[in-house]
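Step one of this worksheet: look at the structure below.
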Amino acid sequence: MQVISVRFEHHDEPLGIGEPSPRLSWRVAADEPGWLQTAYEVRGLDDAGAVAWTSGRVDGDESHLVPWPGPPLRSRRRQTVQVRAWGGAAEPTPWSGPHTVEAGLLAPGDWSAELVTPGVDEQPEGPVPAFRREFQIERPVRRARLYATAHGAYELWLNGARVGDHVLAPGWTSYHHRLRYQTYDVTAALRVGGNALGALVAEGWYRGRLGFDGGRRDIWGDRTGLLLQLEVEYEDGATEVVGTDGSWRCAPSATTSASIYDGETHDARRAPGGWAEPGFDDTTWAAVLPQPLDRTRLVAPDGPPVRRTDLVQPVAILTSPSGKTIVDFGQNLVGRLRIRPRGSAGTEVVLRHAEVLEDGELGIRPLRQAKAEDRYILRGTGEVEEWEPSFTFHGFRYAEVSGWPGQLRPEDLTAVVCHSDMRRTGWFSCSEPLLERLHDNVIWAMRGNFLDVPTDCPQRDERLGWTGDLQVFAPTASFLYDCAGVLTSWLRDVRAEHLASPTRTPPLVVPDVLGWEMPTAAWADVVTVAPWVLYERYGDLELLRRQYDSMVAWVDRVAEMAGPGLLWDRHFQLGDWLDPTAPPEAAADTRTDGALVATAYFARSARIVSTVAGLLGDQEAAKRYGGLADEVRAAFAREYVTPSGRVASDSQTGYALALRFDLLPDPEQRRRAGDRLTELVHARGYHIGTGFVGTPLIADALVEAGETQVAYRLLLERTCPSFLYPVTMGATTVWERWDSMLPDGRINPGEMTSFNHYALGAIADWLHRTVAGLAPDAPGYRRMTVRPLPGGGLTHARAVHETPYGTAAAGWSIMDGELIVSVTVPPNTTAMVELPDGSAPAEVRSGDHEFRIAYHPDRYPPARPPHTAWPGTADEPAP
Ligand code: BGC
């Protein structure tokens, strides 16, 4: 028995955190089956390794997000802790290894540096300014930290070497409310004598153009700015601070333009050698201008930074019908190209990006007004020059390369995948390769769209934190990756923007670049649903506490809009956005009435608020919102449901909502609604009929109606529109609409034709919970339900999830007339196993378990022949 992987809040890298009393989580590696914790002890060590404090033995079974037992951390302070735990035996585990946390700058007054802006005119999308300053280090250094942020996106150098490996730092937050800073350990980069700090600051999200239809620039400010504070502690204990101030110098860099949507241009001939090293002559550089900055907005990160997480090599170099050179990476991905040309000075290499080809040429129409074009102008040293843009990213599988000096070879370029550097936590496998590829596509869609904020798409002139998209995808996201940190951060902004809205309307996108004040169901409901999903998956009650006022404010606002009739039917709604009947030019014109969707979500959000109020100890509010939810449900039933169970939008989504949001008061109505849903699915020939709202619900609704095999038929249908149709068309990510590419290979003529949108990938949650059978039952998977429902001719399926308590797995296979279900339960948790034969559920504790029952496939549709012809890369194997 051993306590392992002690974590602080949701941080994987606890350097420069913002919580003075970080909650602790640990796991126990147990060789003893059925292990449950009964008590724990946490102790803090001082710098010399001696015990400074201890919690003493604390009786308690919780090992996840346990309150910090030591004195609160002060700014810059490090604290090492060890944990041990007791199970049933009298002896505890040995002490865990030491785990160290370090606080960042916790108070606005900790900042002495000033925000500096370039002392020269800044052209929109013009040259990226470089900042520099030299300083002396007198004596040997014990430790040094660099605290950094920017108005814009920064890259840093110390003595010529890059500081950190972050991409597009400080990331994207609602800058009026919160501006993140990062903390870097730069001890090893300093030297006694002359030192130099250098920084590039591009417009990034802060000033750059954002939004469709031309978008807007300068949303948060019209000057780029840099804030750096280097804190040095000498070996003799003395300290020194070098911060940005009026003594810094500034000049245009060799990056002559940089835009998130349009791309980057770098003229290597202009790069001043050694500018970030000591001894560089910066007399021709301009002075900087210090600017006031509200330091109360400075916050430490809640989650991981964006990083380069993968490298992908070309699979083919093609010549298009018009004679263009097009590189195929075999995978639609998000990031940028790293190129290695060799040629004469002034040669210009142009890189254009697209997700698909149309008629053998780059399909750039879906990018709308995003140019997605990078340019590199060679220095011409005679050597190979390596370049990768710094302040942009693209969504692409194909790149058109022009101006390349000589013959382009596959080894001359690499696609660099960039996204929030989250820990992978979820895997799925099964006997149907097309389904596995669909799951891989969901993974890639998530990777492409968790680039600091959860976005709709990564390629066109949007890439925005669309609330509805995340609302429907949150259950899937939280299974596949540990996104607790990323979403904790984003939800702080959701709340801040929501509560600052004059009409108390959550924005459609966060950070809000639209400013629309447009109350929209399913999108705005992110304020209630996403915190609830995160609670269910990560067990973080504090997150609910923090978001609670926003949850309540939203439900109150809907109640006000709905009035005494409790039907919210007075606003434009996005409805079941992009169901397959929505015409190319009208994504909201769907089969399901937007007002019905709105009132259904009103009931759901009121119910969530009621439950959360109860958890937070406000019984009066729990009762009030519970009562409201009941009344809205009754109003929904009066308005939209016939006494015998027909729903007024006679659509797959209409029934899925009514069933899954528990809006049908009478069991007979529920039975009829389930039957009607099944009829509709049959009648459409097992083609999907749902959009963003119905897609996460329909398979569960069919199971609820007792029609698991119909759910499988729907899941396994291959002709358009269906979950597998894009896979048969060679998709390597999830598409925005069911037919982003039409069966004849042409791109859908609509405006909404991204090939990398995670929303419709929300079905993956059903693969995990129902096909494989691994579902959370108590917050954070403290208790799981394992209820696999085999079908669809599959012969095996398995899901693996790194829960907060350890690795959980559920899977099954069919062999020789037997169904073999295998279950892995992490230490300190339990699972309820329910087998499809209807036998009594069995509770099991930690360890590996196997169950065997006779398998009766009578009601199961025949297996389809496996489909093998699809391109793309395989997913990484589960641990
Ligand atoms: C986005 C969607 C979003 C929708 C809502 C689109 O442009 O890409 O994913 O939810 O707008 O209007």
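Residues satisfying the criterion are present in the range 490-507 (criterion: within 14 Å of the ligand (Cβ to nearest atom) and buried (at least 23 other Cβ atoms within 10 Å of the Cβ)). Does the range 339-372 hold any residues that are open to solvent by 50 Å² or more (accessible area, probe 1.4 Å) and of a type outside the set (Asp, Glu), and which are they? Across the range 339-372, the qualifying residues are ARG340, ARG342, SER344, ALA345, ARG352, ILE364, ARG365, ARG368, GLN369, LYS371.
Is it fair to say TYR261 is more than 16 Å from the ligand (Cβ to nearest atom), hydroxyl-bearing (Ser, Thr, Tyr), out of contact with any helix residue (DSSP H, G or I) (no Cβ under 6 Å at 6 or more places or on another chain) and open to solvent by less than 40 Å² (accessible area, probe 1.4 Å)? When the stated conditions are applied, TYR261 does not pass them.
Conditions tested, residue by residue: (1) open to solvent by 20 Å² or more (accessible area, probe 1.4 Å); (2) in contact with a Ser or Thr (Cβ under 8 Å, 6 or more places away or on another chain); (3) more than 16 Å from the ligand (Cβ to nearest atom); (4) in a loop (DSSP other than H, G, I, E, B).
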| site | (1), (2), (3), (4) |
| --- | --- |
| LEU680 | yes, yes, yes, no |
| TYR686 | yes, yes, yes, yes |
| ALA701 | no, no, yes, no |
| GLY706 | yes, no, yes, yes |
| SER722 | no, no, yes, yes |
| ARG737 | no, yes, no, yes |
| GLU751 | yes, no, no, yes |
| SER754 | no, yes, no, yes |
| LEU760 | no, yes, no, no |
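Residue under question is PHE692, and the condition is that it be touching a residue at least 24 places away in the same chain (Cβ under 8 Å) and within 16 Å of the ligand (Cβ to nearest atom); does it hold? Yes. Go through the range 554-584 and give me each residue that's open to solvent by 10 Å² or more (accessible area, probe 1.4 Å) and outside any loop (DSSP other than H, G, I, E, B). Scanning the range 554-584 gives ASP556, ARG557, ALA559, GLU560, MET561.
Of all residues in the range 310-339, those satisfying the criterion of being farther than 22 Å from GLU386 by Cβ and either acidic (Asp, Glu) or assigned to a loop (DSSP other than H, G, I, E, B) (or both) are SER320, PRO321, SER322, GLY323, LYS324.
One residue alone among ALA530, ALA524 is crowded, with 23+ Cβ neighbours inside 10 Å, under 24 Å from the mean Cα position of the chain (by Cα) and more than 13 Å from the ligand (Cβ to nearest atom), and that residue is ALA530. Which one is nearest to the ligand (Cβ to nearest atom), of the residues in the range 585-608 that are among the β-branched types (Val, Ile, Thr) and not in a loop (DSSP other than H, G, I, E, B)? My answer is VAL597. In the range 762-804, the residue that is nearest to the ligand (Cβ to nearest atom) out of those that are of a type in the set (Ser, Thr, Tyr) and open to solvent by less than 30 Å² (accessible area, probe 1.4 Å) is THR770. Looking at ARG660, ARG646, ARG624, ARG638, just one residue is in contact with an Asp or Glu (Cβ under 7 Å, 6 or more places away or on another chain), free of Cβ contacts under 8 Å to residues at least 60 places away in the same chain, open to solvent by 10 Å² or more (accessible area, probe 1.4 Å) and of a type in the set (D, E, K, R), and that residue is ARG660.
The set of residues in the range 292-309 being assigned to a strand (DSSP E or B) and open to solvent by 70 Å² or more (accessible area, probe 1.4 Å) consists of ARG308 alone. Exactly one of these conditions fails for ALA588: (1) at pLDDT 95 or above; (2) at negative phi. Give me its number. For ALA588, the exception is condition (1).
Of the residues screened, TRP516 is one that is at pLDDT below 95, hydrophobic (A, V, I, L, M, F, W, C) and assigned to a loop (DSSP other than H, G, I, E, B).
The values are calculated or read from the model by the stated rules, or taken from the named source; none is laboratory data. Here the structure is a predicted model, which means the values were calculated and not measured. Here Cβ is always computed from backbone atoms with ideal geometry, including for glycine, and neighbour counts include all displayed protein chains. SASA here: full protein model, heavy atoms, side chains in, ligands and nucleic acids out. Shrake-Rupley method; radii C 1.70, N 1.55, O 1.52, S 1.80 Å.
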